[in-house]
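For reference, the structure is listed below as structure tokens.
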Amino acid sequence: MGVTTRGGARACVVGTGSTAARADVPPARGTRGVVRAEPGRRQSRERGGQPLAAEGAAANGAAGPVRGRGAKRSAPAVSDALEGASTARRRAGEAVADVASLPDDVLEVVFGHLARDASPAQYFDAMLTSKRFRDAGMSKRALSNVGEKVLSRATAENWTEGASAFAEAAVDAGSVFAAFLVGSVDFYCRDARRETPELAAAGRTRGASLLARAAVAGSPDAHHTLAIMHFNGSGGKRKDKDPETGAAFCARGNILFGSANAKRELGHCLQDGFGVEQDVPLGRKLLAEAAAADVATPAMDAAVVAATVAAAAAEERLRKRNDINTLNAAVAAAAEVSAAAKHAAEQHLTAPPVARFLLDWYDPNVCGNVLQPGTHACSHPLCGRVETRRHEFRRCSCCGRTRYCSRSCQSLDWRLQHKFACLPLLELYGWIESDTESQDTAQVHGGGDDEEFPSSSLASGASSNNLAAMPAADAAAAR
């Protein structure tokens, strides 16, 4: 609408939503030109060739007061308008929700997301904010999402009553990773000095049931662990081995999750006809897929290269000594080369949380728990599984000095370290087995009670004893 001002000039005052027409005459005294109330827009007009920006509430996105004839805008009025516009904008688009006013179920959902993605310090710091936050953090809805990150501090060294209670609460709430962790701890982490065989058997029974719960909930690692337990008859006797069920768990792990360990284990089963009908082409295909997955892992590739370089350097150093001509000297040299390769590989590889827990549990420098008499740990440096009875794990058929819980661990350890300490290295030093040394070797093999893994070092599958009994020409051909 137009307003007639003093002197006959007309100025245009535009309300919200209207279209303004610029006046052809200068504005009357006491007015500021055209004032728009459209949010977020600035108006200017020319006076003396200089743009004049609209001030007041219109510049801040709020409707400004309409000034009458001869009205003047004072400094306090401008300040009040700016403050009012700022308050309105904050209330409209930048309102901050009060966390304390959130319902309990919303807080539990928030803590559920923290349990999945946050670090232990972040999660427990949030819980310590108030009693209400603590209750939300310990609710079943939140604990059911507890994952590897929150439980990353639950190591063997830090396995106190508080850490164990928190993990048990997460298991009761339905956390998959907590069930796998606690199940593995209950099954494998025993101490022969502090518990009776009956107590150990009860702990293994509970551990197996938690691992089964984790597998049903969709844990690929639990599938692989249960397969190994059935292959070896872990927790029972030799007659309790069930290779068919173990192969079925590997097949599930391969189909449902595409696990490289499941592919590798199932490929060996198909090649050997162990637990399944023999199918060599399919077994080779699965082994090739598992090898491709390993190559796609930069850490594994770097570890293999580093181990090879370190072993070559140690071997060259030992060659210059030129005094390795007995069995004991050859074994010591091979162990030195293998240790160099293992140390180099460990700089590039990190054990998974559960495997690291098992390794630290029996490490003399960390926890120092004692294995049952006559039992051994898996020779793979990143595995951590241990025997639950004597002669449970199978040995390398070539040297008989290493034991593995599975073919997967055997093939990985061969690449990382064992190929530098097995029979080919002993033969490389010119070792010729004598009758006395053969007896020593038989004693090291445990009298022949253990089963043996086929060696990756000999394509013919001949054992070290067979090679020693052959003539030199035939042995060379077999190699």
Selection count, segment 330-346, where residues are farther than 16 Å from L412 by Cα and either assigned to a loop (DSSP other than H, G, I, E, B) or open to solvent by 40 Å² or more (accessible area, probe 1.4 Å) (or both): 4
message: Just to be sure before I move on: is T375 surrounded by fewer than 20 Cβ atoms within 10 Å (Cβ to Cβ), under 30 Å from the mean Cα position of the chain (by Cα) and outside any helix (DSSP H, G or I) in the structure I sent?
response: yes
- prompt: When only residues in segment 132-176 that are of a type in the set (G, A, S) and not in a helix (DSSP H, G or I) count, which is farthest from A121 (Cα to Cα)?
  reply: G174
message: Can you list residue pairs whose Cβ atoms sit under 7 Å apart, with the first residue in segment 229-258 being within 18 Å of C405 (Cβ to Cβ) and assigned to a helix (DSSP H, G or I) and the second being open to solvent by less than 20 Å² (accessible area, probe 1.4 Å) and acidic (D, E)? Count only pairs 6 or more apart in sequence or on different chains.
response: N232/E392; C250/E265
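Considering only residues that are closer than 19 Å to C367 by Cα and either crowded, with 20+ Cβ neighbours inside 10 Å or modelled with pLDDT under 90 (or both), which ones fall in segment 163-182? Before the answer, list the steps.
Initially, segment 163-182 is screened for residues closer than 19 Å to C367 by Cα, giving 163-164, 181-182.
Once the filter is applied, which keeps residues that are closer than 19 Å to C367 by Cα and either crowded, with 20+ Cβ neighbours inside 10 Å or modelled with pLDDT under 90 (or both), segment 163-182 yields L181, V182.
Scanning segment 259-277 for residues that are in a loop (DSSP other than H, G, I, E, B) and either of a type in the set (A, V, I, L, M) or touching a helix residue (DSSP H, G or I) at 6+ places or on another chain (Cβ under 7 Å) (or both), which turns out nearest to S184 (Cα to Cα)? Step through it out loud before you land on a result.
Of segment 259-277, the ones in a loop (DSSP other than H, G, I, E, B) are 259, 273-277.
Checking which are either of a type in the set (A, V, I, L, M) or touching a helix residue (DSSP H, G or I) at 6+ places or on another chain (Cβ under 7 Å) (or both) leaves us with 259, 274-276.
Working: S259: 19, F274: 25, G275: 24, V276: 26 Å.
Within segment 259-277, the match that is nearest to S184 (Cα to Cα) is S259.
When segment 319-328 is examined, which residues are found to be free of Cβ contacts under 8 Å to residues at least 40 places away in the same chain and in a helix (DSSP H, G or I)? Working first, answer last.
In the first step, residues of segment 319-328 are kept if they are free of Cβ contacts under 8 Å to residues at least 40 places away in the same chain; the result is 319-323, 328.
Once the filter is applied, which keeps residues that are free of Cβ contacts under 8 Å to residues at least 40 places away in the same chain and in a helix (DSSP H, G or I), segment 319-328 yields R319, N328.
Kindly indicate the residue of segment 110-162 that is of a type outside the set (A, V, I, L, M, F, W, C) and touching a Pro at 6+ places or on another chain (Cβ under 7 Å) and also least open to solvent (accessible area, probe 1.4 Å) among those meeting that condition. It would help to see each step written out before you state the result.
Filtering segment 110-162 for residues of a type outside the set (A, V, I, L, M, F, W, C) gives 112-113, 116-117, 119-120, 122-123, 125, 129-132, 134-135, 137, 139-141, 144-145, 147-149, 152-153, 155, 157-158, 160-162.
Keeping just the survivors that are touching a Pro at 6+ places or on another chain (Cβ under 7 Å) gives 148, 152-153.
Details: E148: 99, S152: 57, R153: 157 Å².
Per the stated criteria, the residue is S152.
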field: Residue among R395, R385, R390, R356 that alone is buried (at least 21 other Cβ atoms within 10 Å of the Cβ), over 18 Å from C422 (Cα atoms) and of a type in the set (D, E, K, R)
entry: R385
query: A215 passes all but one of (1) in contact with a His (Cβ under 8 Å, 6 or more places away or on another chain); (2) open to solvent by 50 Å² or more (accessible area, probe 1.4 Å); which number fails?
result: (2)
query: Hey, any hits in segment 308-325 for a residue that's crowded, with 21+ Cβ neighbours inside 10 Å, of a type outside the set (F, W, Y) and in contact with a Lys or Arg (Cβ under 8 Å, 6 or more places away or on another chain)?
result: no
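The values are calculated or read from the model by the stated rules, or taken from the named source; none is laboratory data. All values derive from a computational prediction rather than experimental measurement. Cβ atoms come from the backbone with ideal geometry, glycine included; neighbour counts cover every protein chain shown. These accessible areas exclude ligands, DNA and RNA; they are computed on the full protein's heavy atoms, side chains included. Shrake-Rupley method; radii C 1.70, N 1.55, O 1.52, S 1.80 Å.
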